[in-house]
Amino acid sequence: MISKNYLSKQINSAPLAVFRVFFGIMMLFGIIRFWYHGWIEKLYVQPTFHFSYYGFEWVKPIGNYTYLLFVISGLSAAFVALGFKYRLAIVTFFLSFTYIELMDKTTYLNHYYFISILSFVLIFLPANARFSLDAYLRKREYINVPKWTIDSVKLLLGIVYFYAGLAKLNSDWLFRAQPLKIWLPSKYDLPFIGNNLMQQEWFHYAMSWSGALYDLSIPFLLLYKRTRLLAFGLVVFFHVFTRVLFPIGMFPFIMIVATLIFFDASLHEKIIQFIKRVFSISSETVEEVKDYTYTKLKKKVILSILGTLFVLQILLPWRYLLYPGELFWTEEGFRFSWRVMLIEKAGYANFKIVDGETGKFFYVNNADFLTSFQEKQMSFQPDFILEYAHYLGDHFKKDGHKNIEVYVESFVALNGRLSQPYINSKVDLYKQKESFKHKDWILPFTDKIKIYGL
């Protein structure tokens, strides 16, 4: 049980203020980058069909108004960084960003999920207590905030790292160096190491094992003052190196900046003073108040919400245990569990539309309905295959076809293994319904991946 002493303990507010500033800047930059590369058009406006998350089928792109959604998200991120109308800004950012991520599950990434969760947590924290336009306008800023508010961010970061490490404790990662053995040899154009180290098998194993060790240990190394500087050096090296190797966007920089919150307040005071000097910001007219406190009721409600959220974050990754079959094959319980870059799948899915009475059939050209990116993701994920089968069934039904049955002939290769049949081609997918139940029409995996961790 969390003691009353801990919950009433106050701590310097500078780390939370600096975190808010960097988080807002990173999110704004990420939105601009997404727009600049034309991904709004390519991923959300051009496709005629979008894959939905179960229960969130109502969340869809809104045509050209999707750009407006990104504008709202970007502006709210800027307001978060400035600490202007902070509570409204962070709520708006959470809602708009999360809506964007729910529009098409083809674009699912763990770090987008992380940003949604983090922005939800920030709604309840006094991140504008200090060094914010809100503090300037109310002419009052708080030197201290409750310790648990800053620890909430640390806990979330710790969960992400530690669970990502646990997920790497499987036989493919540790004893076959997969999927790194597939990815790294293609990096031959990297200067100095591309033509030698990236081709070496021992290097693939070294990266696999050190990656798992890094994820499992880094939260604890960051917590203790004696190892914190070393840990931050490792964070910078690891994320810069992975950014060079893989197209993972802003995530490495977000994690580097986020881990600054583990450092003592003295560092953040220096960062605040540096920014004030650069932008000639004066705070002489702002009264300094010692402690930021919540009302008893507000504190109780917020702690209940955050406590529930963290319990869910700790339990949710284990839900795969409720499903039969190989997790990496069926992917039932795979998403929203901090499993990062663990699998390399390649698939082939050929859909057949059959008249159930006459037996007449024809094959579908997937390119008529999906972008190449959507088709690739659909080909090896069962829930995508089911949703697409229903979309095809509905489409051809509207087109005047009758007695429609939808079958798929599919093959998938997992982590360098030979391709094998994936979905039972005798099951009419049009009759199958999406649910949280096990999809028994996924054919069994013929190999075994032993899970040691998550």
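The values are calculated or read from the model by the stated rules, or taken from the named source; none is laboratory data. Predicted model only: the values in this text are computed from it and were never measured. With ideal geometry, Cβ positions are generated from the backbone for all residues, glycine too; neighbour counts draw on all protein chains shown. For accessibility, only protein heavy atoms count, side chains too; no ligands or nucleic acids. Shrake-Rupley method; radii C 1.70, N 1.55, O 1.52, S 1.80 Å.
I want to verify the translational diffusion coefficient of region 344-431 in µm²/s; compute it with Stokes-Einstein, Rh as the Kirkwood radius over Cα pairs, at 37 °C and 0.692 mPa s.
247 µm²/s
Write down the percent of antiparallel bridges among all DSSP beta bridges whose residues are both part of the chain, to the nearest 5.
Once the DSSP bridges in the chain are tallied, antiparallel ones form about 85 percent.
Heads up, I need the accessible area for THR227: 1.4 angstrom probe, whole protein in place, Å², nearest 10.
Its accessible surface works out to 40 Å², give or take rounding.
Find, to one decimal place in angstroms, the Kirkwood hydrodynamic radius of region 196-269, where the mean of 1/r is taken over every pair of different Cα atoms and then inverted. Kindly include the intermediate steps, with their values, before the conclusion.
Values: mean 1/r = 0.0740 Å⁻¹.
Computed over Cα pairs of region 196-269, the Kirkwood hydrodynamic radius comes out at 13.5 Å.
Return P(r) of the chain (all Cα-Cα pairs; 20 Å bins starting at 0; whole %; ordered from short to long distances).
22, 52, 24, 3, 0
On the accessible surface of the chain, probed at 1.4 Å, how many percent belong to carbon and sulfur atoms?
Ligands and nucleic acids excluded, carbon and sulfur reach 65 percent.
Using alpha-carbon positions, what is the distance between the centroids of region 169-199 and region 252-290, in Å?
Centre-to-centre distance over Cα atoms comes out at 39 Å.
Could you report the accessible area of VAL244 in Å², rounded to 10, computed with a 1.4 Å probe on the protein chains as they sit in the structure?
Approximately 90 Å² of VAL244 is accessible to the 1.4 Å probe.
Just for region 344-431, what percent of DSSP beta bridges are antiparallel, to the closest 5?
Details: 16 of 16 bridges.
Of those bridges, close to 100 percent are antiparallel.
Which entries of LYS105/LYS187; LYS4/LYS296; LYS9/LYS85; LYS9/LYS300; LYS376/LYS450 have Cα-Cα distances beyond 19 Å here?
Check vs 19 Å cut-off fails for LYS105/LYS187; LYS9/LYS85; LYS376/LYS450.
Just need the relative contact order of region 344-431 here, percent rounded to a whole number, with Cα pairs under 8 Å and 6+ apart.
Answer for region 344-431 is 37 percent.
Once you order the gyration tensor axes a ≥ b ≥ c over the Cα atoms, which shape class does region 61-153 get: rounded for a/c under 1.5, otherwise prolate or oblate by comparing a/b with b/c?
Verdict is oblate for region 61-153.
Exactly which trypsin sites (Lys or Arg not before Pro) in region 373-408 are in a DSSP loop and have at most 16 other Cβ atoms within 10 Å? Intermediate results must be reported in sequence, preceding the final value.
Details: sites: LYS376, LYS397, LYS398, LYS402; in loops: LYS402.
Taking region 373-408 and a limit of 16 other Cβ atoms within 10 Å, the loop trypsin sites (Lys or Arg not before Pro) found are LYS402.
With a Förster radius of 22 Å, plug the Cβ-Cβ distance of GLU41 and LEU109 into 1/(1 + (r/R0)^6) and report the FRET value to the nearest 0.05.
About 0.70, to the nearest 0.05.
Report, largest value first, the span of the C-alpha coordinates of region 99-144 along each principal axis, in whole Å.
46, 19, 13
Remind me, relative contact order of region 384-454 in percent, using alpha carbon pairs under 8 angstrom and six or more residues apart? Don't jump to the answer; show the numbers that get you there.
On the way: 67 pairs, mean separation 20.0, N = 71.
It comes to 28 percent, rounded to a whole number.
Checking the cross-link filter: which lysines have an alpha carbon closer than 24 Å to that of LYS397, excluding same-chain neighbours under 8 positions apart?
Straight-line reach from LYS397, under 24 Å: LYS60, LYS352, LYS360, LYS426, LYS431, LYS433.
Under the rule of -39500 (n - 2.57) per DSSP H run of 4 or more residues, summed and divided by the residues of the chain, what mean residue ellipticity at 222 nm is obtained, to the nearest 500 deg cm²/dmol?
The helix contribution divided over the chain gives -16000 deg cm²/dmol.
Could you do me a favour and compute the accessible area per residue for region 344-431, 1.4 Å probe, result in Å²? All intermediate terms of the calculation are to be shown ahead of the outcome.
Details: 4260 Å² over 88 residues.
With the other protein chains kept in place, region 344-431 gives 48 Å² per residue.
For region 138-213, what Kirkwood radius comes out of the mean inverse Cα-Cα distance, in Å? Walk me through the numbers before you get to the answer.
Working: mean 1/r = 0.0653 Å⁻¹.
Result for region 138-213, one decimal place: 15.3 Å.
Can you pull the Kirkwood radius for region 264-362, inverse mean 1/r over Cα pairs, to one decimal in Å? Walk me through the numbers on the way to the answer.
On the way: mean 1/r = 0.0481 Å⁻¹.
Result for region 264-362 stands at 20.8 Å.
List the pair-distance distribution P(r) of region 147-298, using every Cα-Cα distance, as the percent of pairs falling in each 10 Å bin from 0 up to the bin containing the longest distance, rounded to whole percents.
Once binned at 10 Å, the Cα pair distances of region 147-298 give 9, 29, 29, 18, 9, 5, 0.
Please work out how much accessible surface ILE115 shows to a 1.4 Å probe, ignoring ligands, DNA and RNA, in Å² rounded to 10.
Counting only protein heavy atoms, ILE115 exposes about 10 Å² to solvent.
In percent, what relative contact order does the chain have, based on Cα pairs under 8 Å that are 6 or more apart in sequence?
Reported as a whole number, the value is 18 percent.
In the chain, which helices (entire DSSP H runs) extend 18 Å or more along their own long axis, judged by Cα positions, while averaging at least -0.5 on the Kyte-Doolittle scale?
Length and hydropathy pass: 14-36, 66-82, 86-102, 110-123, 147-167, 201-223, 225-245, 265-278, 296-315.
Give me the net charge for the shell around ASP215: Cβ to Cβ below 12 angstrom, other residues only, Lys and Arg +1, Asp and Glu -1.
+2
Straight distance only, please: which aspartates and glutamates reach the Cα of LYS154 with their own Cα at less than 20 Å, same-chain residues fewer than 8 apart left out?
In chain and number order, the partners are ASP215, ASP264, GLU269.
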